[in-house]
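A.B. asks: Once you've had a glance at the structure underneath, I'll fire off some questions.
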Amino acid sequence: MFLGFTGPNASGKGEAIRYLVENKKFTAFSLSDVLRDEAKKRGLEPVRDNLIAIGNELRAKEGPGVLAKLAVMKIINMPQAVIDSIRNPYEIEELRRSLKDFKLIGINADVKVRFERAKKRGRQGDGETLEEFVKKEEKENSSDEKAQQLNKCLEMADIKVDNSGELFDLKKKLDKILNDL
């Protein structure tokens, strides 16, 4: 079984994946890992703005599904895996085309909840104020097909999860999804 996760910053994708890896024997792979590796090669800090720029550049040069193609090569022979950081519709199409039984889960939460979560985790580049946080999100919703299109990806999700509550609630929702699949 292959599950992909999409959703805005600090919506709970990482917590969902951690739960599946630690409790359900999934292997995790993040499309952002490809971008972090590329940032390192270029001597750049792996902060959000740099990763967005590198991702957009790679999609422009090698096609909008390039990150998913690289992921598929790494996970195709695994019994089950979760894929994180899906931010472009072409990535979804590539994963659906290449992975049998692939399901996309869209996780979202209220923007104020997500902002508070982002502040708690303290990642550089998330934004100091709610207004900055929202502006950075706007960059992730381009109309350019080779750029990030998070809202469009959320619309394409096979399963949608509201994660505005507690971690316990998210885990219960994930258990139900797995049982249903």
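A.B. asks: Would you confirm, using the coordinates I've provided, whether ILE105 is under 16 Å from the mean Cα position of the chain (by Cα) and either buried (at least 17 other Cβ atoms within 10 Å of the Cβ) or closer than 20 Å to PRO8 by Cβ (or both)? Break it down stepwise before answering.
C.D. replies: On the way: under 16 Å from the mean Cα position of the chain (by Cα): yes; either buried (at least 17 other Cβ atoms within 10 Å of the Cβ) or closer than 20 Å to PRO8 by Cβ (or both): yes.
So ILE105 passes the test.
A.B. asks: Could you please tell me which pairs satisfy a Cβ distance under 6 Å, a separation of 6+ or placement on different chains, a first residue in the range 124-146 that is closer than 17 Å to ALA109 by Cα, and a second residue that is modelled with pLDDT under 70 and open to solvent by less than 50 Å² (accessible area, probe 1.4 Å)?
C.D. replies: These pairs meet every condition: PHE133/GLY127; LYS136/GLY127.
A.B. asks: Going by what's in this entry, would ASP158 be described as under 15 Å from the mean Cα position of the chain (by Cα), of a type outside the set (A, V, I, L, M) and surrounded by fewer than 16 Cβ atoms within 10 Å (Cβ to Cβ)?
C.D. replies: Spelling it out, ASP158 is indeed under 15 Å from the mean Cα position of the chain (by Cα), of a type outside the set (A, V, I, L, M) and surrounded by fewer than 16 Cβ atoms within 10 Å (Cβ to Cβ).
A.B. asks: Let me ask something else. When residues of the range 41-60 are filtered for being assigned to a helix (DSSP H, G or I) and β-branched (Val, Ile, Thr), how many remain?
C.D. replies: So the answer is 2.
A.B. asks: From the set of residues in the range 108-133 that are open to solvent by less than 50 Å² (accessible area, probe 1.4 Å) and touching a Ser or Thr at 6+ places or on another chain (Cβ under 7 Å), which is modelled with the lowest pLDDT?
C.D. replies: ARG114
A.B. asks: Is it true that LEU167 is touching a helix residue (DSSP H, G or I) at 6+ places or on another chain (Cβ under 9 Å), aliphatic (A, V, I, L, M), open to solvent by 40 Å² or more (accessible area, probe 1.4 Å) and closer than 20 Å to LYS25 by Cβ?
C.D. replies: Criteria met by LEU167.
A.B. asks: Also, quick follow-up: So which residues in the range 86-123 are over 25 Å from GLU22 (Cβ atoms) and assigned to a loop (DSSP other than H, G, I, E, B)?
C.D. replies: Listed by number, the residues that qualify are ASN88, ASP110.
A.B. asks: In this structure, does VAL34 turn out to be open to solvent by 20 Å² or more (accessible area, probe 1.4 Å), within 24 Å of SER143 (Cβ to Cβ) and among the β-branched types (Val, Ile, Thr)?
C.D. replies: yes
A.B. asks: Let me ask something else. Regarding ILE83, is this residue touching an Asp or Glu at 6+ places or on another chain (Cβ under 8 Å) and in a strand (DSSP E or B)?
C.D. replies: It is false that ILE83 is touching an Asp or Glu at 6+ places or on another chain (Cβ under 8 Å) and in a strand (DSSP E or B).
The values are calculated or read from the model by the stated rules, or taken from the named source; none is laboratory data. A quick note: this is a predicted structure, and the numbers were derived from the prediction, not measured. Every residue, glycine among them, receives a Cβ derived from its backbone with ideal geometry; neighbour counts consider all protein chains shown. Accessible surface areas use protein heavy atoms only, side chains included; no ligands, DNA or RNA. Shrake-Rupley method; radii C 1.70, N 1.55, O 1.52, S 1.80 Å.
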